[in-house]
Structure formats: structure tokens, C-alpha cells
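The values are calculated or read from the model by the stated rules, or taken from the named source; none is laboratory data. Quantities reported herein were computed from a predicted structural model and do not represent experimental measurements. So basically every Cβ, Gly included, is an ideal-geometry build from the backbone, and we count neighbours across all protein chains shown.
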């Protein structure tokens, strides 16, 4: 095997950027890490000199910085020794930390304070050496840098930075991520680990028992756009979050670290081979595509036709076509020569739960601005009229707080449709024949192993087990952040959202941070943003707080940091924010518009600003968010929410259209649908709620208005979610448009 050497020429003088970003830390190429266990550092920092912070020696100062990193490592741990007597060398599988006039014979850069040289085999680090440039006069202290000009240098923060390289972290600022971090490439006033640094260490060295490496769900595909067009790059993976994303063009790292982004006004310089490497603590996967930029449209051609399929009833069938030519391309699938559904941007047709009526000849017309072409036909044949039960997904294990609700959901296929029976510890639960299974006010007596048995005339099958654990913690799952991302047009100059503070047996008031961000969204690649957002907080019809421009308020900056909100950047930005420290129990309305009736994208956010240490069972919670919005045929209404605490929380999410019509509301969306995302992966979806009685019961318990028509096209999700960030999207089915209501409720 070959050893690969990485050299980090680090920490020139300069000021660290103290802004924040939705994306965090940067890892080295391939996210290399140490094997589990000890990382032994040989501290050979001599001779000693007086240190301003009173530490006994340079070795002691270095050991203190190693100990700071240890607080955020799980699978590996720094150890150190100061009694090594051999001569330090590079490439000897020993990890040296020394003062030196050069880096093992290699000259330092003109303003380089220190260098970390890292050896690896594949994605495993086997040696890392740190040399501190003796050109500089070193000292050790905290706080602001003292006289960074000339040859003065502060040891502790430089050592902390270099040891971050030792564990595999790189410079976020050189990857286009402008965050507050000791790992940025220039030395400044930051003298300890920031949240960004800690997240990077935890990402690389978190416990990975049960963690699943990422695998591609939706890979990149070759694109051939016209010069001046916009191109969307997007990838979707399965596996265990969190993931990091590193994009490259012709193997050069780009300043993007999200699952998708849009490249606008492309030119020939944008062409090349683009790739993204998606990594978690278990491994990584890479997807690539070729971007070809043309001056004129290239008509589509078929590179691979759909393939005929023979299937049993109840299974999913997938037809795929390969096409080339200018992008974007539109795909209109046909069955027996007649359009099958609407045209889409997908080269894949999935037919779920196929039945004999789906038998036929399938083809696709591929179109772009240069013309169109039709594929050969593929035959779908259905054999048999029965199918044994099969679990498509089993219920998931959950840890919930005592007295709360848990939802177990399974997905099963079979012909005839299977009946369901739920079991706890192998014993049938009386009357539990519905999916999902909802347990309210769960106690320790209901902890155990839950399974679902599906039965039809062909046979029966048992789901994988799900373990229910009951916790008595006060740090129970709860909503700590709610947001709505939408677009305002000339026809709709503002929108409103409702939020409710409360919860059973809660008392007192709650600090809230409420924001309306427009210009700040440009940092995340959005160009068409609301230029001058204004927000108002209303109790009933009375405005109790309002803000037009946040004006760089120190109090607001502090609140942003406390709740982990992204920074607005410039103090002169026209984004809006309000911090209310004493918000009483009850319902409130947040109204967001533009001061000058501008148009564009805007995100409205509500943060629970209660510190974790001050949260008790009687503390009021965010328990409901609702937004009513006029939707065009292609619009998407997005709400984000974050579940904090240490236990799972059950959520009721509703996309209501026809249910509003029953209340006398005109012009509603006829057929809304819901999709729930964790990161970029869809984890649940619903089109029509089908009148499930469990949904009605839970809806009544949280105070949601009733949907009286069991056959309505309203969409509802009831799900138990682990702590983390989630996104729910409402959109119309088959171009459905109109007024729609999106609601998020915590289920007690």
C-alpha cells in the first residue's frame, strides 16, 4: 500500500471572520480519520520559556489544547508523552510536536506559523507531525492577539488549530464557508473551539455503532445546457445522517457544501466533470457528471431504451430511459400510445403496487428546446393475481419521555390486501389492528418490543421488531425552532403565520426570537430575495412587536448565537428580527411583508430562546405553527422545524385544501400533498389521508379543526421523530393550485 502525505501550511496572520453559515466545518479530502483508540502525540517542545498565562511549559500548553479536542472525540482519544528520547523524524509512524526552523527539511512559507504533515493509507491517518516555526517569538495567552505584526505569535490557539488538522479537519474559510472557527486559515482573536470546530470533531469521531454508510438514491446525471442558462446540481443519498458534501469541478474543490445548488448564467468555463463526495462517520460515496455547455440547442437522442418487465401484482416497477442532448429535458411517458401522467424532468417512471390493469406498452417522448425523440416501447406483463404479504418498511424503535405519545408505522403490500395485528413482547394487543399504531400517555408499563403481523389468504409475515424505551428525563423532545420559506409576489404583498405557546401544565412566559430574512439568504445561493422584509408580531389584532431593519443590534446578535441561528452578515442588511423575552402563553400571528412592496424569497423563523439548562416540565413550548398561502400550480410551501431535547417527539403535520372548502373558504387547492424530509432524504409522504380514525383522534387532541370528509384529498402525516432538523413541503398534485393551509402540531 502507498502512504499519502498531506501538508497543511497553516495560520498566517489575519482576522478570523465572525459570521455564521448554514453549513459547517470542512474535512480533509476523503474525510480521513484515525483508527479507533489512542492517538499518541510526542510533545518535544523545548527549550521552555516564561509563558504569560502561567503555564509551566510549552508541553503543558500543548497538552491542554489536546485535552480540549478530546472533549468532542468518541472513537479516538489524544494521549501524549514528553519522555521520548529519539530524534524527531517525518515518516517514522510516530507523531512529533516540535519547534523547528523548517518542516523536516521543507522551508516554511513567508508568513507560516506552523505546519501539520499528515500521512495516510486510504482514508486512515497513520501519522501526523506538527512543527512550530522558530522564526517567531512565541508566547501563550488567551483573548485578543497582542501585536501580531513582526515576529510575535501566540502558541495555544495555533496549537489548537494544528491539532484540528491532526484529527482530519481542514480550513472552512478556504472552502467558501464563512464561519466562526479556530480552524479558519488565519490567526485571530478566537482562542478556543467554536461550535463549528466541535461539530467537525464530532462528525469525524462520533460513535458509529449501527451507522450506515451513505449510498446513492439519486445520482448526478450528465447535463448539456445552453450558455447563459442556470443548472441545478443535486444528489440524494440514504444512510445515517449527518452527511458532509464536498463538490469538485475537474477535481478542484468548489465553495459549496450542500446537497444541491444552482449555478446561474453558465459559460464555457463552467463545463467539465463535476462530482460530489457525500461522507458520514461510516464512509463516503461519490457521484459524477459531465457538464457540456453549448452555443446552440442540441436535439435529444435516446442512448438506452426502456426495458420490458414481467412482475407479480403488488410490486413496484421501474422504467428508465437514457437520453442525451441539451438540458433541461422533459420526459412524457406514454402507455399504449396515450400520455401516462404529466410530463416531468425525471428520466424514470415508477409504477407502484402494479395490478393487471397496468399491463401495456410503455414509451417516453424526450423533449428539449432543440426538438424531441420517442423511445422504443417496453412491455409490462403482470403474472398472477395474488401475492403474499410483504413489509415494505417496518416500525422504527423509539425512545420517548414518560406520558407522551408514540406512533409506530409499517408499510405492507399483498394481494388480497393484508389484515394487520400489533404485538407487544409477542402478545397480541387487543384491538390493535390499524396502521399506524398510536399509543398515548405511554408509561414504563408499555415499554417493550413491538411487531406487526400482516396476513392474507396466501400467508402471513412479521415485521422487524421495534423497541419502545420510556425515559423520565426532563430534557424531553420539544419544538425549538419553526420556519416558513416562501415567495412574495406583486399580487401577494405579505403573508401571515400563526404560532401557539403552551403545553399541558405549563406556566409563565417564554423568550422568543422571531426573524424575517431576505437579503441574508443570498449567502446561501438565493438570488431573487425579498429586498426589505418587515415583520410584526400580533396578539389578536394588536401589534405588540415589530421591526423593519435589525440594524446590527448587539442584543439580536447575542440572541442569534444563543439559538444557533445563521448570522445576518452586514449590520446594514435590511433583514428584520425581534427578540421578546417575556412572551405569554397563547396564540400569536406573525405578519411578514416588504417595506416597499418588493418581491422575492423570504424565510420567517421562530426560535425558542430558552436555554437548555433553564427548561423544566412547566416551561411553555412552541406547540403549533400554521400558515395559509395562495399557491400557484408549480409552487412549493416549505416549513422547517427542529426537535430539541433527548427523546423522540410525535408530530401531526397537515396540508389542507378541500377541508378549508368545507368551512366556506373559496378558491382552495383541490389536491395538496405532503413530503417530509430529513436532510435531502424523503422519510414520509402522504397524498390523501383516507379518513384514518387515528388521525381524527389525534387532531382533536391537539385542537386542530376536524376534516369531516373521510374521502377528501387533504394530506396528513402522523409520525414520531428523533431529535433533529426536518423539512415539510406542501405542493399541489398534477398542477393543483389555490389556497392551502400548512400546519405543524406537537402531539403531547
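Listed by position, the strands (runs of 3 or more DSSP E) inside the range 451-531 whose residues that are buried (at least 20 other Cβ atoms within 10 Å of the Cβ) number at least 1 are 466-471, 478-488, 494-502, 509-517. When residue 549 is tested against (1) more than 30 Å from residue 262 (Cα to Cα); (2) assigned to a loop (DSSP other than H, G, I, E, B), just one condition goes unmet, and that condition is (1). Checking 530, 497, 537 one by one, the residue that is within 27 Å of residue 617 (Cα to Cα) and under 26 Å from the mean Cα position of the chain (by Cα) is 497 and no other. Evaluation of residue 306 against the conditions (1) at pLDDT below 90; (2) in a loop (DSSP other than H, G, I, E, B) shows that the sole unmet condition is (1).
Pairs meeting the criteria (first residue in the range 71-91 and closer than 22 Å to residue 104 by Cβ, second residue part of a loop (DSSP other than H, G, I, E, B), beta carbons under 6 Å, at least 6 apart or on different chains) are 90/104. Of everything in the range 430-450 that is part of a loop (DSSP other than H, G, I, E, B) and touching a residue at least 60 places away in the same chain (Cβ under 8 Å), the residue that is nearest to residue 686 (Cα to Cα) is 436. Scanning the range 133-155 for residues that are assigned to a strand (DSSP E or B) and out of contact with any helix residue (DSSP H, G or I) (no Cβ under 7 Å at 6 or more places or on another chain) turns up 133, 137, 152, 153, 154. The one condition from (1) under 17 Å from the mean Cα position of the chain (by Cα); (2) assigned to a loop (DSSP other than H, G, I, E, B); (3) within 30 Å of residue 41 (Cβ to Cβ) that residue 212 does not meet is (3).
When 347, 336, 305 are checked against the criterion of being surrounded by 14 or more Cβ atoms within 10 Å (Cβ to Cβ), outside the structural domain of residue 736 (by TED's automatic domain parsing) and over 34 Å from the mean Cα position of the chain (by Cα), a single residue qualifies: 305.
Scanning the range 96-103 turns up at least one residue that is out of contact with any helix residue (DSSP H, G or I) (no Cβ under 9 Å at 6 or more places or on another chain), at pLDDT 90 or above and within 30 Å of residue 206 (Cβ to Cβ). Scanning the range 684-708 for residues that are under 25 Å from residue 235 (Cβ atoms) and surrounded by fewer than 15 Cβ atoms within 10 Å (Cβ to Cβ) yields a total of 1.
Scan the range 183-215 for residues that are buried (at least 16 other Cβ atoms within 10 Å of the Cβ) and within 18 Å of residue 278 (Cα to Cα) and jot them down. Residues satisfying the conditions are 199, 200, 201, 202, 203, 204, 205, 206, 208, 213, 214. Residues in the range 40-70 that are free of Cβ contacts under 8 Å to residues at least 60 places away in the same chain, buried (at least 20 other Cβ atoms within 10 Å of the Cβ) and touching a helix residue (DSSP H, G or I) at 6+ places or on another chain (Cβ under 7 Å): 1 in all.
Filtering the range 386-417 to residues that are part of a strand (DSSP E or B) and within 24 Å of the chain's Cα centre (by Cα) leaves 393, 398, 399, 400, 406, 407, 408. Residue 203 meets the conditions (1) over 21 Å from residue 33 (Cβ atoms); (2) not in a loop (DSSP other than H, G, I, E, B) in every case but one. The failed one is (1). Among the residues of the range 352-385, those identified as within 30 Å of residue 416 (Cα to Cα), touching a residue at least 40 places away in the same chain (Cβ under 8 Å) and assigned to a loop (DSSP other than H, G, I, E, B) are 353, 354, 355, 383, 384, 385.
Total residues in the range 156-173 satisfying the condition of being within 24 Å of the chain's Cα centre (by Cα) and either surrounded by fewer than 24 Cβ atoms within 10 Å (Cβ to Cβ) or not in a helix (DSSP H, G or I) (or both): the figure is 5.
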